[in-house]
1. Using every Cα-Cα pair within region 54-107, state what percent have a distance larger than 14 Å.
2. Just tell me which lysines come within less than 27 Å, Cα to Cα, of Lys243; anything on the same chain fewer than 8 places away is out.
3. Let me have the relative contact order for region 194-293, percent, based on Cα pairs under 8 Å that are six or more residues apart.
4. Looking at region 333-395, which chymotrypsin sites (Phe, Trp or Tyr not before Pro) are DSSP coil and have at most 14 other C-beta atoms within 10 Å of their C-beta?
5. Determine the gain in length on full extension of the stretch Arg13-Lys500; use 0.36 nm per residue of separation and subtract their C-alpha separation, reporting nm with one decimal.
6. Compute the FRET efficiency between Glu249 and Ser282 as 1/(1 + (r/R0)^6), taking r as their Cβ-Cβ distance and R0 = 25 Å, and round to the nearest 0.05.
7. Looking at the square roots a ≥ b ≥ c of the eigenvalues of the Cα gyration tensor of region 6-129, which shape do they give, rounded for a/c under 1.5, prolate if a/b is larger than b/c, or oblate?
8. Could you check the spin-label model distance between Lys432 and Tyr60? Points 7 Å from the Cα along Cα→Cβ, value in nm.
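Read the figures in this text as sums done on the coordinates, not as results from a lab. For clarity, every value in this text was computed on a predicted model and none was experimentally measured. Here the Cβ positions follow ideal geometry from the backbone for every residue, glycine too, while neighbour counts run over all protein chains shown.
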Amino acid sequence: MNLTGVTVRDLLRLPILKDAKVISGEKGLDRIVRYLDIMEVPDFKGGWLREGELVLTTGYSMRHDPTLLQELVEELAQVGAAALAIKPERFISEIPQEVLDKSNLYNIPIIHLPIGIPYIDITYTVMEQILDKQAALLRRSEQVYKTLTNLVLSNSGIQVVADNVVELVKSPIWIINNAGEIIVSSPSATPYHPSPNTRQWEVTVDKQFAGKLIIDKEHFDELELICIEQARLVFALELMRRKIAHDTELRLRGSFFEELLMGLPLSKQEMDNKARQLGLQSEWIWEICIIEGESHLFDIHTPFFTELNELIHRESGNRKVRSHVQKQGDRLVLLLSTNKLGEQWIKILTPMLKHVNHVHTGFGRKCSLLEVYRSYLEAKKAIMIGSRLEKDQQIFTFEQVEMFSLLLESSESVNFDTFIEEKIGKLYNYDKENGMDLVTTFHYYLASGGSLIDTANRLFIHRNSVKYRMDRIKEIADVDMDNAKNWFAYYLCTAFYLLKKMD
């Protein structure tokens, strides 16, 4: 049984139409008939013609103007109607050749009906066929939906669902997510190459775009299109189930990482057990990255957050590890995992982060899962110290600021004030009295190895301005930089002063 509908060819095989003859438009005999109507008025441009319609007429309304028959064929072609069946003997002695030519041009069949067949016999028989086919199509559609839905409810997996859809449409399919990654394909592991011969449909979850159903086929019959609609619904259910499972896992993983970031005391055994339940392996290497900035940048629907998440997800997948992104107010905490073969995360993230304004990023040192809290504190220190000493820089590592971190920690038990007063006291007092910032200029000059150009670039001033300031510094503070020991002492003193001044 042809479940896609009743074709004009099918109807001509009915006993009631055994004496009907196709006089033109034979190439359109496979058009689908969905409706049947009788026309005996000339107003066929009133918008009542529909796609898939079979029109019966005697031609009475067009008997005095044969050109109307030609216009009717054109109108039927425009709306995608099925065919025109006419009894010409009573009112139209002969169908004009121009009408037949139009019929052949548009592949709209014109059928000569025997004059003795009542319309009621034709309409009753044809509608019975159409309704039978539509009922069969509906039953088949329900069977398809029930089969596919049961696969989801029984947790058979998205691959089994995809394989069943392929059996229905007789063509390879892919589900591709909004990042362009293949969620599933059937046959399994079939690569996807974009082609003008494929068709695609959106799959949505929670009213949001979740992916595309792509089928390697250009034309579909009615049953296949219904199957595709059912498949879209079922794939949406499967992706929803996956999303719920993924969100639950993220929430549990987030709670676990929150415990680690808070420094809560967990035994190694307890930590290993929780990690194993969340799919985290003990041999993975971790490092913490903190990104600080305006909180609106870190909303989950912003382009920055989306791109960052996709990058981390993709690179973690390449490493066969799992990383995690945790939002904490106006900062993001990235718990980045890798293996011994993985490229450093700072190299992966820097190209993206350096193009984002008004954010600072800090990286802690690599560690085991048990030492995540230590790496977290290091990442915070990297931002705090680095952003104070290097105002033109956005990305810092703990290794870069470790010496200054030790200096700050030691200052809690050792009094550096006298030493700093001796070395640069005159300089910072001059700054306070005159609203200058010579200590910062001196620090950048020392940090750049005495380069006027590098110092000017960091301060966004001309090199001659730097030279003038250095002359004033030597004059005010009587600094002596003729040996490395003094140079190092001035460097530490200016750095310590700048760090403590901003506390």
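1. Across region 54-107, Cα pairs with separations above 14 Å total 49 percent.
2. Filter leaves Lys146, Lys207, Lys212, Lys274, Lys320, Lys327.
3. That works out to 18 percent.
4. Those that pass, being in a loop and sparsely packed, number zero.
5. 165.6 nm
6. About 0.85, to the nearest 0.05.
7. Because its axes are fairly even, with a/c under 1.5, region 6-129 counts as rounded.
8. 11.1
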